[in-house]
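The values are calculated or read from the model by the stated rules, or taken from the named source; none is laboratory data. Worth saying up front: this structure is predicted, and the values here are computed from it rather than measured. Ideal geometry is used to build each Cβ from the backbone, glycine not excepted, and the neighbour counts take in all protein chains shown. Calculation scope for accessible area: heavy atoms of the full protein, side chains included, ligands and nucleic acids excluded. Shrake-Rupley method; radii C 1.70, N 1.55, O 1.52, S 1.80 Å.
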2 protein chains.
Amino acid sequence: MGKQMTEMLKGTLEGVVLAILALQPAYGYEITARLRERGFEDIAEGTIYAVLVRIEKRGLVDIDKVPSEKGPPRKVYTLNAAGEASLHEFWGSWSALETRIDQLRTEGHE
Amino acid sequence: MGKQMTEMLKGTLEGVVLAILALQPAYGYEITARLRERGFEDIAEGTIYAVLVRIEKRGLVDIDKVPSEKGPPRKVYTLNAAGEASLHEFWGSWSALETRIDQLRTEGHE
DNA sequence: CCCACTACTCAGTGTTACTATCTACTGGTA
DNA sequence: TACCAGTAGATAGTAACACTGAGTAGTGGG
């Protein structure tokens, strides 16, 4: 992936994954696929799993292990109350940053 | 500063500084002040200087050392052609990320 | 029997912003 | 005179993050 985008994803990827889980519970492999559908083409699988380990440690998700007909068992992640709170906080930070940066871009186009 | 915002700034702060310099040439202390005016309240001075060292090493700016009546000499940074190209690339990456994330937020509000 | 797809894990690396501290120049004031 | 606030720049050490590259397993098809 581009180095620029890699750096930009720091701090946003976790929120993005939480947002995906807010739509519906999902397992890692599935989350990767959903992200790709939504334009996050070049995010490495390993990166997603690392994020999932992190949000699990922070207690933002509940976990179910369910068998798969197509491969090894899946770890299905469900956003819990703490996760929803964290997602809400993420949207707040994101909005603030977005506003400031877009204002800066507008200034430059005068 | 909030840990969340700290992480989000990674990858965007450099572009933000380039955008400030695109408005007009400025020196470090001045850039810090301009950022504070624009809502980036809690960015440490030292962080800005680190960014400036970086963009200098990458050849994105030209530098003038000019005396100050109020303190030590100032290092005035002016965006050059490479810097403008880098800023343009930043806006491209930012727009792409913004679009994807905002679309995800919209999906969640259905 | 091998391969592709599914599914998850992990060690090592490079980049980034922060904290805390330091140097140094000017002007005002106790 | 001595001190301090404001101006101006620099840096070493730290923590957090995403990536690369590799590995382990399970399933079904050629």
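Computed values, structure above
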item	result
Label point 7 Å beyond Cα along the C-beta direction, distances from A:His88 to other copies (nm, shortest first)	4.4
Length-normalised contact order for chain B - Cα pairs under 8 Å, 6+ apart - percent	27 percent
For A:Asp62, inter-copy label distances in nm, listed shortest first [label point 7 Å out on the Cα-Cβ vector]	6.3
Distance (nanometres) between label positions extended 7 Å along Cα→Cβ at A:Ala81 and B:Gln24	5.3 nm
Kirkwood-type radius of the range A:26-110, with distances r between different C-alpha atoms, in Å	15.2 Å
Radius 15 Å from Cβ of B:Glu30, net charge of other residues (Lys, Arg +1; Asp, Glu -1)	+3
Residues along the range A:88-110 losing 50 Å² or more of accessible surface when the other protein chains are present rather than the chain by itself (probe 1.4 Å)	A:Trp91, A:Ser93, A:Trp94, A:Leu97, A:Glu98, A:Arg100, A:Ile101, A:Leu104, A:Arg105, A:Glu107
Buried area at the B-A interface (accessible, heavy atoms, 1.4 Å probe, summed, Å²)	3400 Å²
Carbon plus sulfur fraction of accessible area for chain A, probe 1.4 Å, in percent	52 percent
Charge dipole (debye, nearest 20) of the protein assembly as shown; +1 at Cβ of Lys and Arg, -1 at Cβ of Asp and Glu	640 debye
Furthest towards positive pole of dipole, A:Pro73, B:Leu87, B:Leu23, structure part the protein assembly as shown, Cβ charges	A:Pro73
Charge tally in the Cβ shell below 9 Å around B:Asp64, where Lys, Arg are +1 and Asp, Glu are -1, B:Asp64 excluded	+2
Across the identical copies, how the A:Ala33 labels are spaced - nm, sorted shortest first, 7 Å along Cα→Cβ	5.7
Translational D in µm²/s for the protein assembly as shown (Stokes-Einstein at 25 °C, 0.890 mPa s, Kirkwood Rh from C-alpha pairs)	128 µm²/s
Lys, Arg +1 and Asp, Glu -1 on Cβ, resulting dipole of the range B:34-102 about Cα centre, debye, nearest 20	280 debye
Entries in A:Lys3/A:Lys70; A:Lys75/B:Lys3; B:Lys10/B:Lys65; B:Lys3/B:Lys70; A:Lys57/B:Lys10 that, when Cα-Cα distance is taken, lie over 30 Å	A:Lys3/A:Lys70; B:Lys3/B:Lys70
Residue and distance (whole Å) for the chain A Cβ nearest the axis that superposes A on B	A:Lys10, 2
Positive minus negative residues near A:Gln4 (Lys, Arg vs Asp, Glu; Cβ under 13 Å)	0
